Amino acid sequence: MIKIKNISAQETYNIRLTVLRNNIDLPYKFKEDKYERSFHLGAFHNNKLVGIASFIQNRIDVIKGEQYQLRGMATLPEVRGMGAGRMLVEKAKSVLKGKDITILWCNARKEAVGFYESLGFTIIGEEFEVQKVGSHFKMYMEI
């Protein structure tokens with residue numbers, strides 16, 4: 001059984017480093033982590049942190065509405081397919097609704113586009129490269 005809880009930015013760092021920055025010399029700490037309006041969620045399985053997601057107040061101009069960006073979402077390989085990612089996004093949507101946020105967006109790695117589409121995200125714009133990481137798409141959903 002997976003439970004979603006609020007966590008600190010610091011608690012996201014280990015999974016960000018091992019899953020998202022594995023052998024990539026890019027920062028795994030984001031300047032937005034400490035912003036007052038940012039929040040971080042963790043997925044726990046058997047009391048172990050197995051998934052993370054950070055949510056920062058940020059906007060892209062091509063979309064209207066009050067916006068937050070999903071950043072640094074990752075799950076450990078041993079729990080993929082158990083619904084942790086979906087649960088993190090669902091919990092964030094309920095938190096964001098309470099803040100009168102209408103749009104959640106992200107920069108999705110190309111290999112994760114199908115996952116985000118299954119959650120209701122839509123691609124906006126063209127494919128782009130993130131140096132050392134690979135192909136990405138901007139994706140968004142209305143909350």
Practice item. Would you check if residue 17 is open to solvent by less than 20 Å² (accessible area, probe 1.4 Å) and not in a loop (DSSP other than H, G, I, E, B)? Key: no
Practice item. Please determine, by comparing only the residues of the stretch 72-98 that are under 20 Å from residue 18 (Cβ atoms) and buried (at least 19 other Cβ atoms within 10 Å of the Cβ), which one is modelled with the lowest pLDDT. Key: 72
Practice item. Sort through 56, 101, 63 and tell me the only one that's among the aliphatic types (A, V, I, L, M) and surrounded by fewer than 17 Cβ atoms within 10 Å (Cβ to Cβ). Key: 63
Review point. Looking at the stretch 65-91, which of its residues are hydroxyl-bearing (Ser, Thr, Tyr) and in contact (Cβ under 8 Å) with a residue 40 or more places away in the chain?
Key: 75
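The values are calculated or read from the model by the stated rules, or taken from the named source; none is laboratory data. The model shown is predicted, which means the values in this text are computed figures rather than measured ones. Positions of Cβ are backbone-derived with ideal geometry, glycine not excepted, and every protein chain shown enters the neighbour counts. Calculation scope for accessible area: heavy atoms of the full protein, side chains included, ligands and nucleic acids excluded. Shrake-Rupley method; radii C 1.70, N 1.55, O 1.52, S 1.80 Å.
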